[in-house]
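Taking it in order: structure first as structure tokens, then the write-up.
The values are calculated or read from the model by the stated rules, or taken from the named source; none is laboratory data. All figures in this text were calculated on a predicted structure; none of them were measured in a lab. Here the Cβ positions follow ideal geometry from the backbone for every residue, glycine too, while neighbour counts run over all protein chains shown.
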Amino acid sequence: MLTLNTGTGYWNAVCWIVFFLLLSLIVFLIRALGRKDYKKGTEQTKVFFSGNEVPEVSAQHVRADNIYWGYKKALERYYKAINAIHTGFAPDYVMWYVICTALMLIVIVVR
């Protein structure tokens, strides 16, 4: 068996092939433990829609505001502050990224 020695370890293709074969076997065994009573095209495949009936195909788009209204309500002050500084221009985001990165580097270097 040919092994490629490097400064930090070794590379052996046969070991990797054996590893992936064992991993594939484990995945297959876990999948084989799945439910045998599952049937495609029945009630089992319907989407869970919070206990409500799923709308018609033309109206299936549901805005996140409607689904996650509790989170939005709880974080309302945060969203108002963020929306106030949100400009939508990429150069503004790049500027904030550069500023934050510079601040982090300053903290790391000074420390």
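Taking every residue in the stretch 65-90 that is within 21 Å of Phe49 (Cα to Cα) and pairing it with any residue that is in a helix (DSSP H, G or I) and at pLDDT 85 or above, at least 6 positions away or on another chain, the pairs with Cβ-Cβ distances below 9 Å are Lys72/Tyr79.
For the stretch 1-58, the set of residues classified as acidic (Asp, Glu) and at pLDDT below 80 consists of Glu43, Glu53, Glu56, listed by residue number.
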